[in-house]
Amino acid sequence: MRRLFVSMMILITVCFSLLAQPAGETTAETVRVAALKGPTAMGLVQLMDESEKGAVNGNEYEFSIVASPSEMTPMLVLGDVDIVALPANLASVIWNNTDGAIKVLAVNTLGVLYIVERGDSVNSVYDLEGRTVYSSGKGSTPEYSLSYILEQAGIADSVAVEWKSEHAECVAALMSDENALALLPQPFVTTAMMQNSEIRVALDLNDAWDEVSPESSLITGVIVARTDFINEHPEAVEAFLESYKVSTDFANENVDEAAALVGKYDIVPEAVARIALPQCNIVCITGDEMKSDLSRYLEVLYSANSASTGGALPADEFYY
């Protein structure tokens, strides 16, 4: 009798649990996402905000915003994150050094680099001749992009580039030397201009790149995912890409609201984001267009300096 009672209670419990879960409903997949402070994270803010309210398109999210690309590699290799926004050339380096442990899902940021100065002496890439440029980002997109532009313009030997460890050091050097120039990314350009009204944007590196390499586009950032995660959770990856496209559209079309969220998540101050967002070139380019644009960009980098892509160009499997 007692066994019968226990069996009936178990059956009732199972029935109630089945009734509580609607037919066809599955448990949401947890997706761990990391991005750098700056434009690569700005495109995520709408998704970050929506995810606080619950699952988005079947995924639950855990977000990490980090300060340096050097933090990204161990997070990926150790499997501490699933999806990461990082510099385009770093994605190629990681792919080559890990036997294809990641794949690129999307291009998420086009060129965000600008030459700034105090004054009005630079209006084209050729005006950089004989000048000193202060920059941070040695060994990554700023160095490779600037070097390629200077070499293609034929003025590499006449431009002195002094590398600093932080963007703030570049601004300080610019302010102490009235003849100097600084290479800065958004939103740090806006921060510098808000701090000192003498600073102006002299040259958009997108335009300079187009002048010397019209067959390719300057690409700053991409979204990658661990290959194992893609194979194990293909539906979660597709759901992320759908949600990320919505989020990037929101950032571009609703600047004030997006800026408030950028400030909320401590990416950059809201006032800075409100001015910088339209210049951050946030995109979500996927599929064949992504492969075409990114492969041409990496070919340019590789031809100029093979170390920039990890010693080789990635194979087709690199592209999702």
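What follows is calculated from the coordinates using simple rules that are stated; it is not laboratory data. Treat the numbers as computed from the prediction; the structure is a model and nothing was measured. Quick reminder, even Gly has a Cβ in these numbers, built from the backbone with ideal geometry, and neighbours come from all protein chains shown.
Our summary gives segment 87-148 a relative contact order of 35 percent, counting only alpha carbon pairs under 8 angstrom and 6 or more residues apart. Rg over Rh for the chain works out to 1.09, using Cα positions for both radii and the Kirkwood form for Rh. Rounded to the nearest 10 degrees, the angle from helix 255-264 to the longest Cα principal axis of the chain is 70 degrees. By how many degrees, 0 to 90 and rounded to 10, does the Cα axis of helix 287-304 deviate from the longest principal axis of the chain? It works out to around 40 degrees. Using the rule -39500 (n - 2.57) for each DSSP H run of four or more residues, divided by the residues of the chain, the 222 nm mean residue ellipticity is -13500 deg cm²/dmol. Neighbour counts of C-beta atoms inside 10 Å place Ile199, Ile219 in the sequence Ile199, Ile219, starting with the fewest. As a proxy for reagent exposure, ranking Tyr302, Tyr126 by other Cβ atoms within 10 Å from fewest up yields Tyr126, Tyr302.
Identify which of Ser147, Ser70, Ser217 has the largest mean-square fluctuation in a Gaussian network model of the chain, with springs joining Cα atoms closer than 10 Å. Judging by the Gaussian network model, the answer is Ser70.
Residue exposure proxy: Thr30, Thr40, Thr73, ordered by other Cβ atoms within 10 angstrom of their Cβ from fewest to most, comes out as Thr30, Thr73, Thr40. Among the listed pairs Lys138/Lys245; Lys245/Lys291; Lys103/Lys245; Lys37/Lys103; Lys37/Lys245, give every one whose C-alpha distance is greater than 25 Å. Pairs exceeding 25 Å: Lys138/Lys245. The angle between the Cα long axis of helix 141-153 and the main principal axis of the chain comes to about 40°, on a 0 to 90 degree scale.
Applying 1/(1 + (r/R0)^6) with r as the Cβ-Cβ distance of Glu211 and Asn305 and R0 = 22 angstrom yields a FRET efficiency of 0.65.
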